[in-house]
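Read through the structure below, which is laid out as structure tokens, and then see the notes.
The values are calculated or read from the model by the stated rules, or taken from the named source; none is laboratory data. Bear in mind that the values here come from a model prediction, so they are computed numbers and not experimental data. Neighbour counts run over all protein chains shown; Cβ positions are idealised from the backbone, glycine included.
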Amino acid sequence: MLARAFWCITLGTMTTATELFAIRHADGKRRFLFEDMDLRGEIVHLDQVITDVSAIHSYPPGVSRLLGEFMVAAVLLASTLKFRGSLTVQARSDREVPLIMAECSSELTVRAIARGAEAATSDAFEALLGGGQLVLTVTPERGKRYQGIVPLTGGSLASSLDSYFSQSEQLQTRLQLSSDGERAAGLLLQQLPPQLETSADNRQEQWDRACMLAATLSPQELIQLGDATLLHRLYHEEVIRLFDLEPVRFRCSCSQDRTLAALATIGESEIRDILIEQGAVTMDCEFCNQRYSFRESDLRGLLGPDDDAAIH
């Protein structure tokens, strides 16, 4: 029986404090459990992923910071998926950032983009996205896609997500997000179904206390502290089980087959017009700048016989 004040770090192998600090900047997520309460959490750090996305698109500083938060949020929320698929966090507004989105797969691969935000000058959330809508989309490899929509409220992405979960019938969930444009980090707390504690009042008290302590964490601490240090800083009176790091990496999900599927929605007549005018249909992926070029011979599956529209 562990004493309540004992700080328990349970990993696949014993990990020293030095090793914990050594991995604190590695891109990945780590799950943790409260041993004496029906609570779980996730911590995410992104460094190289931010660098990889920034190498493809050059965004103003405020947009880069915001995109970092969206990527962290996507990873944190994807960690709640119980199936293979992807989760997308997207926002639209009539402010300086018309569209911003980040997508994370169940394999923890991330891609992200901000569209039409090249001229953004503000650092403030309200000026960048205020008054817009937040859309969460869960796309399983098998089964129907689910989408939830809420207003962007509270002056931050984290507040908007908290509002989404408070309106849903899901387990209580709280997020904290931080990004400086070059690094990003996030913390997720989630209440589990009653097993260790069945009293509704006690469960609420435990949840409120965990969230109150998490709220004392500064944005700089969230980015800079190692996972074990961060959890000890917040919950040193609790017994915490900290799991192994799961790597997160940038990877675009575009492919030639998916691009052909997108072309199929355009219509045969328009495809033929492009081929006649340009000799090939070219499509660029917005996320990774990969270019796909298709000549008539590549598109025979999309084009029926049409002698009058012969292409020379």
For residues that are free of Cβ contacts under 8 Å to residues at least 24 places away in the same chain and under 17 Å from Gln170 (Cβ atoms), tally how many sit in segment 201-211. 1
Conditions (1) modelled with pLDDT of 95 or more; (2) under 24 Å from the mean Cα position of the chain (by Cα) -> Ala262 fails only (1)
Being surrounded by 14 or more Cβ atoms within 10 Å (Cβ to Cβ) and either within 22 Å of Ala215 (Cβ to Cβ) or not acidic (Asp, Glu) (or both) narrows it down to one of Thr88, Thr121, so name that one. Thr88
Hey, Tyr59 hits all of (1) modelled with pLDDT of 95 or more; (2) not in a helix (DSSP H, G or I) but one; which does it fall short on? (1)
Every residue from segment 154-171 that is assigned to a loop (DSSP other than H, G, I, E, B) and among the aliphatic types (A, V, I, L, M): Leu171
Residue by residue through segment 116-160, note down the ones that are over 20 Å from Phe287 (Cα atoms), among the aliphatic types (A, V, I, L, M) and under 15 Å from the mean Cα position of the chain (by Cα). Leu157, Ala158
Among the residues of segment 173-182, is any among the acidic types (Asp, Glu) and touching an Asp or Glu at 6+ places or on another chain (Cβ under 8 Å)? yes
Flag for Leu303 being of a type outside the set (Asp, Glu), buried (at least 19 other Cβ atoms within 10 Å of the Cβ) and free of Cβ contacts under 8 Å to residues at least 40 places away in the same chain: no
Reported set for segment 86-130 where residues are among the charged types (D, E, K, R), farther than 18 Å from Leu177 by Cβ and assigned to a loop (DSSP other than H, G, I, E, B) is Asp94, Arg95, Glu96, Glu107, Glu118
Please go through segment 183-225 and give me each residue that is in a loop (DSSP other than H, G, I, E, B), crowded, with 16+ Cβ neighbours inside 10 Å, within 21 Å of the chain's Cα centre (by Cα) and not aliphatic (A, V, I, L, M), ordered by number. Arg183
So, in segment 131-153, how many residues would count as being assigned to a loop (DSSP other than H, G, I, E, B), at pLDDT 90 or above and either in contact with a Ser or Thr (Cβ under 9 Å, 6 or more places away or on another chain) or under 20 Å from Gln176 (Cβ atoms) (or both)? 3
Checked Leu33, Leu11 against criteria (at pLDDT 95 or above and aliphatic (A, V, I, L, M)); the one match is Leu33
List pairs: first in segment 107-133 and within 14 Å of Gln90 (Cα to Cα), second in a helix (DSSP H, G or I) and not aliphatic (A, V, I, L, M), Cβ under 7 Å, 6+ apart or cross-chain? Ala112/Phe70; Leu128/Gly62
Considering segment 166-200 alone, what residues qualify as being touching a residue at least 60 places away in the same chain (Cβ under 8 Å) and of a type in the set (Asp, Glu)? Asp180, Glu182, Glu197
Just to verify a result, which residue in segment 14-25, among those that are loosely packed, with under 14 Cβ neighbours inside 10 Å and part of a loop (DSSP other than H, G, I, E, B), is modelled with the lowest pLDDT? Met14
